[in-house]
Amino acid sequence: MVTFSILAAGTVAQGADFPVWTFIYDNYLQILTANILIAYALAFLVYIRSFSVKAGNPENRELAAGGHSGNMLYDWFIGRELNPRVTIPLIGEIDIKEFMELRPGLMGWLIMNYTFVAHQYKTYGYVTDSIALITLFQTLYVLDSFWMESAILTTMDITTDGFGFMLAFGDLVWVPFIYSIQTRYLSVYPLSLGIYGTAGVLAVLGIGYYIFRASNNEKNRFRNDPKDPRVAHLKYIETKSGSKLLVSGWWGTARHINYLGDWIQGWAYCLPTGIAGYLINRSSAVPTPGQSHADGSFIYSSEGVHTEIVQGAAKGYGMLFTYFYLVYFAILLIHRERRDEEKCLRKYGDDWKRYKSIVKYRIIPGIY
């Protein structure tokens, strides 16, 4: 929040010309390259350091269950050590995995979005409802993650997955640079949604967020205190290991109902880009900067060069990029759900089979 406050103060003082925004936009590829190199370096560091983990160590360090297969490349990718940590002078012990996920990962995502909002304003002199909505939604999502940080301690990322190249690259590169593609697109092609378009996108987000947050809160409250009045009425089965598996409420509708809410929210991130795609035409004619035309084109001028942004023959092709998140996220969630199912079958055995006979659907009730 200190970082965000500094960025907000700089923006108030200098507007879209605040050097942080202009530096990030002008050096996008350099920053992306640097983050890729850091991700590789971090993955090698934690992999090499994981070999110092010994049974019964006083620091309680632990290897991830699926991270020491003996296949060097796979273990480096998936992560050998479960929760690698480092002690920083004057700060204390840092859990590298949790830090990378929430700070450079989610914070970087927002900072990239704010950069593109600033660029749109600097170029056209206004901010569209489309880019404002996406940025607002994703800001809500990230700040919610910070506020509910304790809830991630029960997620698969923290409890099961080791920290290797997969998470290092995901946190430092994939999340901030891929998840911000929609705002990057809108910073160049400033599409406006209007009242009805905005209302539709808000409705989609509201449904997704409600399912996501309500289901996760229910699980977290039950795990922390099954006698909590908000969850005490829920039905469950008790496994031989002593764990309790919910068979009513949100978790009685599907075994990973929170994934459905997360995916529905993803639609609200992509829909504001519309039928995406644009062409860039430059000419020496003197147009009206910032002008929008009936054919959906936009014009701006910079350093004597007059640029027209028009969809033309590219209309629709941009959806391969602006809607890529939905396809990727669906694959990620299904893959994660399958891995979690395998883990639960190993952990609970016949109890998990009994649980599946009661809660039949994986993610989408009545369908999948």
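Each value in this text was obtained by applying a stated rule to the coordinates, not by laboratory testing. No experiment lies behind these values; they were computed from the predicted model shown. No Cβ is skipped: glycine too gets one built from the backbone with ideal geometry, and neighbour counts run over all protein chains shown.
Per-residue packing, averaged as other Cβ atoms within 10 Å, sorts the ranges 322-331, 103-112 into the order 103-112, 322-331, beginning with the highest. The H on the amide N of residue 94, modeled in the peptide plane, is under 5 Å from the matching H of 86, 87, 88, each at least 5 residues off or on a different chain. In sequence order, region 249-264 has phi-based couplings of x, 4, 7, x, 8, 7, 6, 9, 5, 5, 5, 4, x, 4, 5, 4 Hz under the Karplus curve 6.51 cos²θ - 1.76 cosθ + 1.60, θ = phi - 60°, and Gly or Pro positions carry x. The amide H of residue 248, built 1.01 Å from its N in the peptide plane, has 235 as neighbours under 5 Å, considering only residues 5 or more places off or on other chains.
Taking a temperature of 25 °C and a viscosity of 0.890 mPa s, what whole-number D in µm²/s does Stokes-Einstein yield for the chain with Rh from Kirkwood over alpha carbon pairs? Before the final figure, lay out the partial values.
Numbers: Rh = 23.0 Å.
The estimated diffusion coefficient comes to 107 µm²/s.
Counting 0.36 nm for each residue step from residue 73 to residue 86 and taking away their Cα separation leaves a gain of 2.3 nm.
Quick check on packing: order 248-254, 84-90 by the mean number of other C-beta atoms within 10 Å, highest mean leading. Present the calculation step by step, with values, prior to reporting the outcome.
Details: 248-254: 18.4, 84-90: 11.0.
Result, highest mean Cβ count within 10 Å first: 248-254, 84-90.
Computed from backbone phi with θ = phi - 60° and the Karplus coefficients 6.51, -1.76 and 1.60, the 3J(HN,Hα) list for region 128-134 is 7, 5, 5, 6, 5, 5, 4 Hz; x is used for glycine and proline.
Each residue, residue 275 and residue 53, gets one label point 7 Å from its Cα in the Cβ direction; the gap between the two is 5.2 nm. Taking 0.36 nm per residue of separation and subtracting the current Cα-Cα distance, fully stretching the chain between residue 210 and residue 107 would add 34.8 nm.
Note on residue 203 and residue 324: the model spin-label points, each 7 Å out from Cα along the C-beta direction, lie 3.1 nm apart.
Projecting the Cα positions of 222, 270, 254 onto the charge dipole of region 172-289 (unit charges on Cβ atoms of Lys, Arg, Asp and Glu, taken about the Cα centre) puts 222 furthest along the positive direction.
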